[in-house]
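Participant: Mind having a look at this structure? Questions to follow.
The values are calculated or read from the model by the stated rules, or taken from the named source; none is laboratory data. It should be emphasised that the depicted structure is a prediction, and the values quoted were computed from it without experimental measurement. As a convention, Cβ positions derive from the backbone with ideal geometry for all residues, glycine included, and neighbour counts pool all protein chains shown.
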Amino acid sequence: MDGFSFNMALHFSFIVPVYNRPEETKELLESFLIQDSPDFEVVIVEDGSQHTSEEVIDDFARKLNVSYYQKPNTGPGDSRNYGMRRAKGDYFIILDSDCVLPPHYLTEVRKELDNSFVHCFGGPDQAHESFTSIQKAIDFTMTAFITTGGIRGGKKAVTKFQPRSFNLGISKEAFVKTGGFGNIHPGEDPDLVFRLWKSGYDTRLFKNAFVYHKRRINWKKFRQQVTKFGMVRAILNKWHPKTAKIAYWFPSFITIGFLSSLLLAAFGIYWPSLCVLAYVFLVFLGALIAGLSFKAAFLSIYAVAIQFFGYGLGFLKSTILVNFSNKKPEELFPTLFFKA
């Protein structure tokens, strides 16, 4: 369905759900002002915030083609759908509010779509030089091939590329055909991608259309986030069994392997622990090669441990309950679902 030339000039609408993040909204809107490629609209959807971005939007009203909507809190997926239904463009670009665009972003998107049109694309994220060491460590952990297999935008990946909603493009046609995002969160983006594939649409990585993704979370919130990632992946495997991959089990295998290495070491068997140390060294070395400071590289080790344990244990728990319980996922894990 994507193998044709799209001759019409595309009109882009950026869709950004916001929840209590006026300062982030301001930084994102400022990055729109310096885009190399003009002629786009920005749709900001306030998702039931107590601290709204209304004053920020007013400051940019004469500088950008921006629309602003306020609605009750129904989650990021439903808020994106809300924005897309009201957008004037025929190609939507979904961003998280904690992202900042480099000046060439939309130019790269236009170039890719002009060369070979696709109804859904995703771009990678990078850490800006101004980010804190923790932000850079988490960014490396979430994007490096050695830690995630490249599924979030690496040049090489162990599975077919799945765009993520912090930087995702979708045509109006594909949005209408699939109905957009579901009410699960997190996990609404791979769920949409799987339904796009079932509907005959392809997805592609635009490797130069990256964003700076701040991820303003502390270690506790990061652990909670990756645990939820593991939990929803088991649910998605149940909903879309043809998309299930052995790669999704890797964090669980590594977690079990690490715990087993500690037990074996107590009995004088040290080679598994040496394998763990070798992997830790590779993570540290990979972070340094990626340009991180020594501090950020050390923090990457801690971030990787949180990611593997959180995701791995969350995935195991959810896999067992989803497959051996008579209850639906919405009943088992109500905190993972929004009611629209």
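Residue-by-condition table, conditions (1) at pLDDT below 95; (2) surrounded by fewer than 15 Cβ atoms within 10 Å (Cβ to Cβ); (3) within 22 Å of the chain's Cα centre (by Cα):
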{"position": "Ile235", "(1), (2), (3)": "no, no, yes"}
{"position": "His240", "(1), (2), (3)": "no, no, yes"}
{"position": "Lys245", "(1), (2), (3)": "yes, yes, yes"}
{"position": "Tyr248", "(1), (2), (3)": "yes, no, yes"}
{"position": "Ser260", "(1), (2), (3)": "no, yes, no"}
{"position": "Ile269", "(1), (2), (3)": "no, yes, no"}
{"position": "Pro272", "(1), (2), (3)": "yes, no, no"}
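Participant: Could you say which residue among Ala137, Ala174 is modelled with pLDDT of 95 or more, buried (at least 22 other Cβ atoms within 10 Å of the Cβ) and assigned to a helix (DSSP H, G or I)? If you could, list the steps in order and put the result at the bottom.
Facilitator: Values: Ala137 fails: modelled with pLDDT of 95 or more.
So the residue among Ala137, Ala174 that is modelled with pLDDT of 95 or more, buried (at least 22 other Cβ atoms within 10 Å of the Cβ) and assigned to a helix (DSSP H, G or I) is Ala174.
Participant: Something else about it: When residues of the range 288-303 are filtered for being under 25 Å from Ser252 (Cβ atoms) and at pLDDT below 95, how many remain?
Facilitator: Number satisfying all stated conditions: 0.
Participant: In addition: For His128, only one of the following conditions fails: (1) at pLDDT 95 or above; (2) in contact with a strand residue (DSSP E or B) (Cβ under 6 Å, 6 or more places away or on another chain). What is its number?
Facilitator: The number of the failed condition is (1).
Participant: Across the range 36-58, what is the total count of residues that are more than 19 Å from Gly169 (Cα to Cα) and either surrounded by 14 or more Cβ atoms within 10 Å (Cβ to Cβ) or in contact with an Asp or Glu (Cβ under 9 Å, 6 or more places away or on another chain) (or both)? If you could, list the steps in order and put the result at the bottom.
Facilitator: Taking the range 36-58 and keeping what is more than 19 Å from Gly169 (Cα to Cα), we get 46-58.
If we keep only those that are either surrounded by 14 or more Cβ atoms within 10 Å (Cβ to Cβ) or in contact with an Asp or Glu (Cβ under 9 Å, 6 or more places away or on another chain) (or both) as well, we get 46-49, 52-54, 56-57.
Residues in the range 36-58 being more than 19 Å from Gly169 (Cα to Cα) and either surrounded by 14 or more Cβ atoms within 10 Å (Cβ to Cβ) or in contact with an Asp or Glu (Cβ under 9 Å, 6 or more places away or on another chain) (or both): 9 in total.
Participant: When both residues are 6+ apart or on different chains and their Cβ atoms are under 8 Å apart, which pairs have a first residue that lies in the range 239-265 and is touching a residue at least 40 places away in the same chain (Cβ under 8 Å), and a second that is assigned to a helix (DSSP H, G or I) and among the aliphatic types (A, V, I, L, M)?
Facilitator: These pairs meet every condition: Thr243/Leu236; Ser252/Leu313; Ser252/Leu316; Thr255/Leu313; Phe258/Val276.
Participant: Only one of (1) within 30 Å of Ser252 (Cβ to Cβ); (2) at pLDDT 95 or above fails for Thr147. Which number is that?
Facilitator: Result: Thr147 fails condition (2) only.
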